[in-house]
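A.B. asks: Sharing a structure, written as structure tokens. Questions coming.
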2 protein chains.
Amino acid sequence: MRRTYLRRDKKRGLDATVLWLVCEIGELADAVLKEKPAGKETANVFAWLCSVCNLIDIDLESASFKKYGRGCPKCGQEACICQDV
Amino acid sequence: MRRTYLRRDKKRGLDATVLWLVCEIGELADAVLKEKPAGKETANVFAWLCSVCNLIDIDLESASFKKYGRGCPKCGQEACICQDV
């Protein structure tokens, strides 16, 4: 995503890129509510999330492994046993 | 994420899981607006997106590579040259 879109992401700016991410979440919610295939929408949400990360220099893979790589960060179990849903 | 959270995700249900994703997007937007570190928030958005995908049987990696694996799906270039931002 960085190779493909960083130039455009920088030109657009951070705030507008976050807004695009919000838009794509809306499209995903729409697909879910209407029970339509949502593969493209999930890919778009992920793509815009990557764009946001690229603009604020976050390595999404590292950030995700840091928080969730050892299972649930709350109960510490690989398969979460927290009671709250 | 499937191993850690699928049981809880199923118990919670799809609509509420999408709503959690929306909440996390809000927290990410908040961090961006306040220029606070956003690593955890991006990880949370990704985690909830994975939970949504798990509930609707979408392989996010495959869906993302299918759409973006060859660069920009609109202009066809590895480094996007589309004019619209």
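A.B. asks: B:Thr4 passes all but one of (1) within 7 Å of chain A (Cβ to nearest Cβ); (2) in contact with a Lys or Arg (Cβ under 9 Å, 6 or more places away or on another chain); (3) hydroxyl-bearing (Ser, Thr, Tyr); which number fails?
C.D. replies: Going through the list (1) within 7 Å of chain A (Cβ to nearest Cβ); (2) in contact with a Lys or Arg (Cβ under 9 Å, 6 or more places away or on another chain); (3) hydroxyl-bearing (Ser, Thr, Tyr), B:Thr4 breaks only (2).
A.B. asks: Which of the residues spanning the stretch B:62-80 are within 9 Å of chain A (Cβ to nearest Cβ) and either surrounded by 18 or more Cβ atoms within 10 Å (Cβ to Cβ) or not aromatic (Phe, Trp, Tyr) (or both)? Reasoning before the result, please.
C.D. replies: We begin by selecting, within the stretch B:62-80, every residue within 9 Å of chain A (Cβ to nearest Cβ); these are B:62-68, B:71-72, B:77-80.
B:Ser62, B:Ala63, B:Ser64, B:Lys66, B:Lys67, B:Tyr68, B:Gly71, B:Cys72, B:Gln77, B:Glu78, B:Ala79, B:Cys80 - these are the residues of the stretch B:62-80 that are within 9 Å of chain A (Cβ to nearest Cβ) and either surrounded by 18 or more Cβ atoms within 10 Å (Cβ to Cβ) or not aromatic (Phe, Trp, Tyr) (or both).
A.B. asks: Restricting the search to the stretch A:1-18, which residues are part of a helix (DSSP H, G or I) and within 13 Å of the chain's Cα centre (by Cα)?
C.D. replies: A:Thr17, A:Val18
A.B. asks: Still on this structure, please answer the following. Identify all residues within the stretch B:43-61 that are outside any helix (DSSP H, G or I), more than 18 Å from A:Asp30 (Cβ to Cβ) and facing chain A (nearest Cβ under 9 Å); write none if there are none. Lay out the reasoning, then the answer.
C.D. replies: Taking the stretch B:43-61 as the starting set, the residues that turn out to be outside any helix (DSSP H, G or I) are B:56-59.
Checking which are more than 18 Å from A:Asp30 (Cβ to Cβ) leaves us with B:57, B:59.
Matches in the stretch B:43-61: B:Asp59 only.
A.B. asks: Just for the stretch A:29-42: of the residues that are crowded, with 22+ Cβ neighbours inside 10 Å and at the interface with chain B (Cβ under 7 Å from one of its Cβ atoms), which one is farthest from the chain's Cα centre (by Cα)?
C.D. replies: Applying the filter and picking the extreme gives A:Ala38.
Throughout, read-outs are computed from the coordinates displayed, never taken from laboratory work. Everything numeric here is computed off the predicted structure, so don't read it as measured data. Virtual Cβ from ideal backbone geometry, glycine too; neighbours counted across all protein chains shown.
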